[in-house]
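Here is the structure we will look at, set down as C-alpha cells.
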Amino acid sequence: MRPLNDKAISKNSTIYNYRLLKRVYHNRIIIGSIWALPVCLFAFDLRLRYSVLPLLLGLAAVPLAHTLFIRLLYTMKEGRAPRGWHWSWDQPWLGTVPGSYISLSKLLGIQLHLFWMTLVIVCCFYPWISPIALAHILFVHLWIMLPRFIIFFRMRRFTAEGYLRISKKETSCYEQ
C-alpha cells in the first residue's frame, strides 16, 4: 500500500466534509404508536362498520399518489425524473424517500407541495365518494405526513444550510 501524497490525489477530486447539526432518532415506541393508529382504525371498522375497504384503499392509494406527485414535481421543476429515491416501509418516512443527502429546504418544499396537492385532489373527489371513504383517505394522508412535519419542526433552525440523510433508525441533518 503506497502512502497518500499530493500526486496521488487528482486535481479533479472532490472531498465532502459534513458536520452533524442535529440527529433525530426514530424511537421504537413512538413508531409503534404511529403504526397502532391504523390498526385501531382497522379494528374499529371491522367491528362496527364491517367494512375495511376505505382504509385499505387509502393505505394503497395515498403512498402511490405521493410517489406520483414527487415524480411530477421533479419532472416539472428540474426537467428530469428523481434519481436516487427509493421506497421505504418505515415510519416516519413511509413511501418514496431520497437515498442520499438532500437539502432540508428542498425536501421541506417537496413535502409541503405533496401535502397540499394530495389534500386538494382528495377533497375534489368529495361529491363522488362517500364521506367515510374521504375521511379514511385523509386520515392515511395525515398519518403519513404528520411525523415528517414533526421532524422538520425539530430541525427548523437548520432549514437554510441543512442537508438531510434519512436512514432506517434516524434522520440526520448535516452542514456541508
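Some points to look at:
- ³J(HN,Hα), Karplus 6.51/-1.76/1.60, whole Hz, each residue of the range 80-95, x for Gly, Pro: 8, 6, x, 10, x, 9, 9, 8, 10, 9, 9, 7, x, 10, 6, x
- Each Cα pair under 8 Å and six or more residues apart adds its separation to the average, and for the chain the resulting relative contact order is 35 percent.
- The phi-based Karplus calculation (6.51 cos²θ - 1.76 cosθ + 1.60; θ = phi - 60°) puts the 3J(HN,Hα) values of the range 45-62 at 5, 5, 7, 9, 10, 6, 8, 9, 4, x, 5, 5, 4, x, 5, 8, 7, 5 Hz, whole numbers, x for Gly and Pro.
- Among ARG148, ARG23, ARG83, residue whose mean-square fluctuation peaks in a GNM of the chain (springs only between Cα atoms under 10 Å): ARG83
- Derived scalar couplings ³J(HN,Hα) [the range 165-172; Karplus, 6.51 cos²θ - 1.76 cosθ + 1.60; whole Hz; x for Gly, Pro]: 10, 9, 10, 5, 9, 7, 10, 10
- Cα pair distances of the chain binned at 10 Å [whole percent]: 8, 31, 31, 17, 8, 3, 2, 0
- Dimensionless Rg over Rh [the range 72-173; C-alpha; Kirkwood]: 1.00
Read-outs: derived from the displayed coordinates by stated rules, not from any lab. As the structure is a computational prediction, the values presented were derived from the model and not from experiment.
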